[in-house]
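Asker: So that we are looking at the same thing, I have put the structure below in C-alpha cells.
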Amino acid sequence: MGAVQRVKIFVSSPSDLAAERQAIVRAIERLNRQASIRERFVLDVLLYEHEAVPLQARGAQSVVDTFMDVRTSYAVICLFWSRMGTSFTHQGESYRSGTEYEFLTAYREHEKTNAAPYVLLYRKTAPPPANADPTQQAEVNAFFRQFDSPNARFRGLRKSFETTGQIEQMIYEHLDKLIAKYPPSPIDNLATEATQNDSLPSLRVSVGGDNVVRGTQIIGNTVQATVVSEDPALKRVENDIRKLEQQGAQMDRALGESQRKLQNLRARRSNRTPQQSGETLVLWLLLIGISAGFFIFNSPLSPFVAAGALVAGVIWTQRRKQHKQDANAALTQAENEIRQINQKRQQTMNMIRVKEEEKEKLLL
C-alpha cells in the first residue's frame, strides 16, 4: 500500500446549519471508505466545534485560526441559509461573520496560488425558520449579490440545496470529482507528519462496509494498514445510520413543504385582511344608504328594508369573522405541524449522533 496523505477539508457555516455540517461529516466518511480515496488519502474534516479549544483573552476568530488555518486546507466548504453570523473586525478589516472571513481568506489564497485551498460554495434555499431574523437574511442576500452584478466582486459557481440529504450527496460527489481532477499535494502527507512523532496515531477507516482498517506502523514513507476484523455489529450500526438519515431527509422535505404552506397562508391573510375590512365597510355604508333612502321618501317598506339590511350586514360580518377564524386556525395548525416535524427531526438527529458514537467505539 502506498503512502497515505492526510487531506484537510475545512467546513464553514453560520449556526443555523448544524444538521448540514453533520451531513458533510457523513459524506466525507463515505468518501474515506471509497477505494479510490482510501488507497491514497485520509480526508480530515475540520469543524471549529471539534478543533478549537475555548481559549480566552483573544478574539474568537484568532482562536479558530490557531487550531484550523483555512489557508492550509485542501478544500473549504462554505454554506449559508438564513443567517450570516456575527460581524467583527480582524486585523483592521471588517467582516459580516466568521464564515465570510473564512470564505474571503480561502478565496484570496486560491487567487494567489490557483491551487489549494479550493472553495466550494453552497446556499440552502428551503424556507427559513419561522423565527429567522430579517436583518440576517438581508445580509446573506447582500453577500450573494456580490456574485451577480456585471462587475461582480467574486467569480465562480455556487450550488443550491434544500435538504440535508441533498447537501450530503452533493459534497460526496463534488469532493470526489475535485480530488480526481486536482489531486491533493503531498505537502500534507500523513506519513511525513507521522515521522515527527514516536508512533503513528491509529488511522481508522471503514473498507467495503464491514472491514476495519487500522494504520499500524510506518516503513519508510508508507503507512502499513491491515484489515483486522469483519464486524457484523459495525455493518448493523451503519445500516441503522443510513435508515435514520433517510428518515431525516423525508422530514426535511416535509418541513420544507410545511414552511411553504405557512408562508402562503400568511401571505394570503396579510393580503385579504385589509381587503375584507374594506368590503365590510362598503357593504354597511351601502345598506345604510339604501335604508336611509326609503326613510327619506317615507316609504311604507322602510322598516322592512332597514331590518333586512341589518340582518344582511350581520350575516356578512359573521361570515367574514368565521373566515378569519378559519384562517387563523389553519395558521396555527401549520405552525404546530412545523413544531412537531422539528421535534421529530431533532429526535432523529440525536439518534444519529448516538449511532455515530456507537460506530466510533466499534472502530476503536
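The values are calculated or read from the model by the stated rules, or taken from the named source; none is laboratory data. Not measured: the values here are computed from a predicted model. Cβ coordinates were reconstructed from backbone atoms using ideal geometry, including for glycine residues, and neighbour counts include every protein chain displayed. We work out accessible area using only protein heavy atoms, side chains counted, and drop any ligands, DNA or RNA first. Shrake-Rupley method; radii C 1.70, N 1.55, O 1.52, S 1.80 Å.
Asker: Given the criteria of a type outside the set (D, E), touching a Cys at 6+ places or on another chain (Cβ under 9 Å) and either farther than 23 Å from S160 by Cβ or open to solvent by less than 70 Å² (accessible area, probe 1.4 Å) (or both), does L104 qualify?
Answerer: No.
Asker: Being of a type in the set (S, T, Y) and either crowded, with 20+ Cβ neighbours inside 10 Å or in contact (Cβ under 8 Å) with a residue 40 or more places away in the chain (or both) is true for just one of S62, S82. Which residue is that?
Answerer: S82
Asker: Those residues that are open to solvent by 80 Å² or more (accessible area, probe 1.4 Å) and within 20 Å of T125 (Cβ to Cβ), I need them from segment 241-255; list them, please.
Answerer: If the condition is that a residue be open to solvent by 80 Å² or more (accessible area, probe 1.4 Å) and within 20 Å of T125 (Cβ to Cβ), then Q250, R253 are the ones that fit.
Asker: Within segment 160-185, how many residues turn out to be among the hydroxyl-bearing types (S, T, Y) and open to solvent by 80 Å² or more (accessible area, probe 1.4 Å)?
Answerer: 1
Asker: State which residue pairs qualify: first residue assigned to a strand (DSSP E or B) and inside segment 39-52, second residue open to solvent by 40 Å² or more (accessible area, probe 1.4 Å) in any location, beta carbons under 8 Å apart, and separation of 6 or more residues or different chains.
Answerer: Partner pairs satisfying both residue conditions: F41/R6; V42/R6; D44/R6; D44/K8; L46/K8.
Asker: Residues being of a type outside the set (S, T, N, Q), assigned to a loop (DSSP other than H, G, I, E, B) and open to solvent by 40 Å² or more (accessible area, probe 1.4 Å): count how many of those fall in segment 130-159.
Answerer: 9
Asker: Checking the structure you have, find out if any residue of segment 170-179 is basic (K, R) and part of a helix (DSSP H, G or I).
Answerer: Among the residues of segment 170-179, at least one is basic (K, R) and part of a helix (DSSP H, G or I), which makes the answer yes.
Asker: Considering every residue within segment 10-28, establish whether at least one is assigned to a helix (DSSP H, G or I), among the hydroxyl-bearing types (S, T, Y), under 19 Å from T164 (Cβ atoms) and out of contact with any Phe, Trp or Tyr (no Cβ under 6 Å at 6 or more places or on another chain).
Answerer: The answer is yes; a qualifying residue exists.
Asker: Can you run down the residue pairs with Cβ atoms below 6 Å, 6 or more apart or on separate chains, where the first is in segment 152-171 and among the acidic types (D, E) and the partner is open to solvent by less than 70 Å² (accessible area, probe 1.4 Å) and in a loop (DSSP other than H, G, I, E, B)?
Answerer: What qualifies is E162/A126.
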